[in-house]
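Worksheet: the structure to be examined is printed underneath.
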């Protein structure tokens, strides 16, 4: 095998034995929830890479499915780099970041005078990627109307700007990605069956990290070296017990969680080797069938179920339940408020301070997220100021479109 580092749209290095893809400017993406590196050591990953190389030169659209943090954008970039469009624009857009009213103008652009503030014609993301590739992450979040307009781009190679009397020809390859079952979304009427067919000319499925165990340690060592150099630390290696713990973990946050774990471990490490004590892994992992790991200290579950057979009782509880029982034992005041505070703030920071993404992650409304963040002092403002905040976000989106004004 060979090592490929995708930096600024180029294949820079070739080192025998391992293939690694990285995002351009990965060091500047500290708050990103995206996976910033991919390796292809696991048999599932080797098969994926072969599939990528097979479909990359072909002109049709591609649909990538996989959990958040599995490296969907990295795969999309590699498809672009291996295609005849390499060297031309590659643009990545997260559809969940669009407000319902802004998505049309953001993707397709608008004509002069199309609405309030539209003093000039502006191109959307599709025209900005003309000749190259547009990556649409979370494609399932687009409204039915926008889905139909995107279908026209795929089927006819033309788009209609908001307020424009005539269509504009565009040459762009669309690579879409989703972490939901779009076929189920079709059945519930939330996604266009025609668009799904058009996007499914070629499909790629990224397995979660827990199903690619042979990738875990190579990725861990990659991030360890990346952050060791960034922090200007001496040589540091991964200890055997720590490596075994990494292989045990279920990685609900996938590659991004692994990156955070290695970064944090380096900050805690006081020697030349990462130990199991340096690892701070999520307690929110799914229950493991073979019960809890040995060495776990006793908790309130032991007293609830009695000391006899407590191991069997604990094995039926999830790590989250056990963590809660330990908190219950401490009899902290306002415990529910404290737990809610930690859950919301942690989710908010995990989502790079994006309120919409946080709401989606927790399954609550954006208004609830905003109200709680204000109450817990994470953001300034008031609930009544939500409308003003949205106006500010709309203004920011408008300024972002100005970067594409010369295309219009």
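The values are calculated or read from the model by the stated rules, or taken from the named source; none is laboratory data. Not measured: the values here are computed from a predicted model. Positions of Cβ are generated from backbone atoms using ideal geometry, with glycine treated the same way; all protein chains shown enter the neighbour counts.
Looking at 222, 249, which one is at pLDDT 90 or above, out of contact with any helix residue (DSSP H, G or I) (no Cβ under 7 Å at 6 or more places or on another chain) and closer than 30 Å to residue 89 by Cα?
The unique qualifying residue is 222.
Let's see how each residue does on (1) exposed (fewer than 14 other Cβ atoms within 10 Å of the Cβ); (2) at positive phi; (3) modelled with pLDDT under 95:
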position	(1), (2), (3)
190	no, no, yes
195	no, no, no
207	no, no, no
232	yes, yes, yes
236	no, no, yes
243	no, no, no
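Against the conditions (1) assigned to a loop (DSSP other than H, G, I, E, B); (2) in contact with a strand residue (DSSP E or B) (Cβ under 6 Å, 6 or more places away or on another chain), where does residue 80 fall short? Just the number, please. The single condition residue 80 does not satisfy is (1). Could you please give the count of residues in the range 255-290 that are at pLDDT 90 or above and over 26 Å from the mean Cα position of the chain (by Cα)? Qualifying residue count for the region: 6.
Each residue in the range 335-381 was checked for being in contact with a helix residue (DSSP H, G or I) (Cβ under 8 Å, 6 or more places away or on another chain), closer than 19 Å to residue 98 by Cα and not in a helix (DSSP H, G or I), and 3 of them qualify. Checking the condition modelled with pLDDT under 85, within 18 Å of residue 101 (Cβ to Cβ) and either touching a strand residue (DSSP E or B) at 6+ places or on another chain (Cβ under 9 Å) or not in a helix (DSSP H, G or I) (or both), which residue from 332, 401, 392 passes? Only one candidate qualifies: 401. In summary, residue 78 fulfils each of the numbered conditions (1) buried (at least 23 other Cβ atoms within 10 Å of the Cβ); (2) under 25 Å from residue 21 (Cα atoms) with the single exception of condition (1). Restricting to the range 162-188, what's the tally of residues that are within 28 Å of residue 57 (Cβ to Cβ), within 24 Å of the chain's Cα centre (by Cα) and surrounded by 13 or more Cβ atoms within 10 Å (Cβ to Cβ)? Residues that pass the stated criteria total 9.
Among the residues here, residue 67 does not qualify as part of a loop (DSSP other than H, G, I, E, B), over 30 Å from residue 197 (Cα atoms) and modelled with pLDDT of 65 or more.
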